[in-house]
Amino acid sequence: MNTLFDKIWDRHVVQTIKDGPQQLFIDRLYCHEVTSPQAFAGMRARGLKCFRPERIYCMPDHNTPTHDQDKPIEDPVSRKQVDTLEKNAKEFGLHYYGMMNPNNGIIHVVGPERGLTLPGMTIVCGDSHTSTHGAMGAVAFGIGTSEVEMVLASQCILQQKPKSMRITVNGRLGRGVTAKDVALYLMSKISTSGATGYFIEYAGEVVRNLSMEGRLTLCNLSIEMGARGGMIAPDETTFAYLKGRPEAPKGNEWDKAVAYWRTLKSDDDAVFDKELAFDGNDIQPMITYGTNPGMGIAITGTIPEPETETDRKALEYMGFQAGQSMIGKKVDYVFLGACTNGRIEDFRAFASIVKGRKKAPGLIAWLVPGSWAVDKQIREEKLDKVLEEAGFEIRQPGCSACLAMNDDKIPAGKYSVSTSNRNFEGRQGPGARTMLASPLTAAAAAVTGKVTDPRDFL
């Protein structure tokens, strides 16, 4: 009667405190430069060493510039945060992939692509989008800075066990509909708080047919539904993706690992605290019109009437009105990247639309690989030539314009079609106006200079 989540969580419980939380063993701690400094300072103040340093991986990503990474970072705050992470990682004897290291990138992109993220693991990071790693069949969730310190010191964390939810999406996705659209559709249906207190397992025909990159995108956005995390049972798609990855098991260890991973699925009689079901045939390419990821509609739809004061203020901030079509709205910036859509599949999708076309005059586009490994693959597949011929430039890896912590900021009042995960007020820069969409929709906007149905180019 156990769910996939139960099987992994319960296997990692060290002890249960009566009428309190559980102590959970953590297989992998990922650290970046923003949420770790205070944790390391706390360790230093108490004279502690990391309990399991071999299980901790550090890399800068939020503050890294996406150009001239071989030079000192100009912004003093960003430079201090990046330098501090390197100092802390070396002092405490942790794995560290710095800028220009071929293993560097956004930590939620690097983990899966190197095989550091494996089925059955418990994974935490001081970052809400740690939920991404659940796509590999892991229990992965974001934690706060004090909890980072807890894991550094003990490789364990105190947590209340979340409730379980299964979201089943059956049917078939139509032309031009991607995993990003599935996630935006789900958020539009259940809201950004509809999964609060739950750990989601995604299931159904649509989910099984997603590529590994698509699954990573879907689980990445679980947090935007209010969930503690999201996960997908590992299967042949997972195993094919992981086989041969640098940190994945090899030889007999691989065979043993796969045998265990095949057991990681919800029992037929598993009971979830909540079940939701949707039809994939109903999903179209999506785009957001407001200031939270749940304010999304089919790209051919019209902006709905505001139901709350928050909705009204969101439309006012965006400069939109109820009843307007999203098609044809002006776009000033396009951003392809982030831990949501910075993988090779996303660049292939973008290139498939811009090939043989030209970037819209006056539009600024930031195409940012999620890692140096993605950058290498882009060049091996000659996608860089396709993109350059269309007038686009590939930048260096990092979180970039997902959030305003580096040089890539959208100016106030300007409109951005972004493949990132959040469209809050000021998320991409003070006063920036963000519309979330898939790489295909972003590409269509990049060549037309306005919101465009990507199916027009497919």
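The values are calculated or read from the model by the stated rules, or taken from the named source; none is laboratory data. None of these values were measured; they are calculated from a predicted model. Note that each Cβ is placed from the backbone with ideal geometry, even for glycine, and that neighbours are counted across all protein chains shown.
For the stretch 364-393, name all the residues that are within 19 Å of PHE457 (Cα to Cα) and either in a loop (DSSP other than H, G, I, E, B) or hydroxyl-bearing (Ser, Thr, Tyr) (or both). Scanning the stretch 364-393 gives ALA390, GLY391, PHE392. Based on what the data block shows, is ALA349 buried (at least 20 other Cβ atoms within 10 Å of the Cβ) and either free of Cβ contacts under 8 Å to residues at least 40 places away in the same chain or among the basic types (Lys, Arg) (or both)? So ALA349 does not fit the description; no.
Would you check if LYS49 is surrounded by fewer than 18 Cβ atoms within 10 Å (Cβ to Cβ), free of Cβ contacts under 8 Å to residues at least 40 places away in the same chain and outside the structural domain of ALA365 (by TED's automatic domain parsing)? Here the answer is no, as LYS49 does not meet what is asked.
If I ask for residues that are under 16 Å from ALA404 (Cα atoms) and either within 19 Å of the chain's Cα centre (by Cα) or in a loop (DSSP other than H, G, I, E, B) (or both), which ones from the stretch 425-440 would you list? Scanning the stretch 425-440 gives GLU425, GLY426, ARG427, GLN428, GLY429, PRO430, GLY431, ALA432, THR434, MET435, LEU436. Of the residues in the stretch 170-189, none is aromatic (Phe, Trp, Tyr), within 30 Å of ASP19 (Cα to Cα) and in contact (Cβ under 8 Å) with a residue 24 or more places away in the chain. Going through (1) without any contact (Cβ under 8 Å) to a residue 60 or more places away in the chain; (2) farther than 14 Å from ALA365 by Cβ; (3) among the hydrophobic types (A, V, I, L, M, F, W, C) one by one, MET405 falls short only on (1). The requirement of being among the charged types (D, E, K, R), in a loop (DSSP other than H, G, I, E, B), assigned by TED's automatic domain parsing to the domain that holds ARG114 and loosely packed, with under 14 Cβ neighbours inside 10 Å is satisfied by ASP70. The set of residues from the stretch 116-142 being part of a strand (DSSP E or B) and more than 15 Å from PHE40 (Cα to Cα) comprises THR122, ILE123, VAL124, VAL139, ALA140, PHE141, GLY142. Taking the condition touching a residue at least 12 places away in the same chain (Cβ under 8 Å) and within 25 Å of ARG215 (Cβ to Cβ), does MET435 pass? Answer is yes for this residue. I'd like to verify a number: residues in the stretch 258-280 that are touching a residue at least 24 places away in the same chain (Cβ under 8 Å), touching a helix residue (DSSP H, G or I) at 6+ places or on another chain (Cβ under 9 Å) and part of a helix (DSSP H, G or I), how many? Result for the stretch 258-280: 2. Within the stretch 57-67, the set of residues being crowded, with 21+ Cβ neighbours inside 10 Å and either in contact with a helix residue (DSSP H, G or I) (Cβ under 7 Å, 6 or more places away or on another chain) or over 22 Å from HIS95 (Cβ atoms) (or both) comprises CYS58, MET59, PRO60, ASP61, ASN63, THR64, PRO65, THR66.
Looking at ILE123, ILE157, just one residue is among the hydrophobic types (A, V, I, L, M, F, W, C), assigned by TED's automatic domain parsing to the domain that holds LYS256 and in contact with a Ser or Thr (Cβ under 8 Å, 6 or more places away or on another chain), and that residue is ILE123. Among the residues of the stretch 105-115, just one is assigned to a loop (DSSP other than H, G, I, E, B) and crowded, with 24+ Cβ neighbours inside 10 Å, namely ILE106. Looking across the stretch 190-217, not a single residue is in contact with a strand residue (DSSP E or B) (Cβ under 8 Å, 6 or more places away or on another chain) and among the polar types (S, T, N, Q).
Among the residues of the stretch 252-268, those that are among the charged types (D, E, K, R) and exposed (fewer than 14 other Cβ atoms within 10 Å of the Cβ) comprise GLU253, ASP255, LYS256, ASP267, ASP268.
Among the residues of the stretch 102-120, is there at least one that is touching a residue at least 24 places away in the same chain (Cβ under 8 Å) and over 25 Å from PRO397 (Cα atoms)? Checked against the condition, which is being touching a residue at least 24 places away in the same chain (Cβ under 8 Å) and over 25 Å from PRO397 (Cα atoms), the stretch 102-120 yields at least one hit.
A single entry from GLY98, GLY93, GLY47, GLY42 fulfils the requirement of being within 21 Å of the chain's Cα centre (by Cα) and either in a loop (DSSP other than H, G, I, E, B) or modelled with pLDDT of 95 or more (or both): GLY98.
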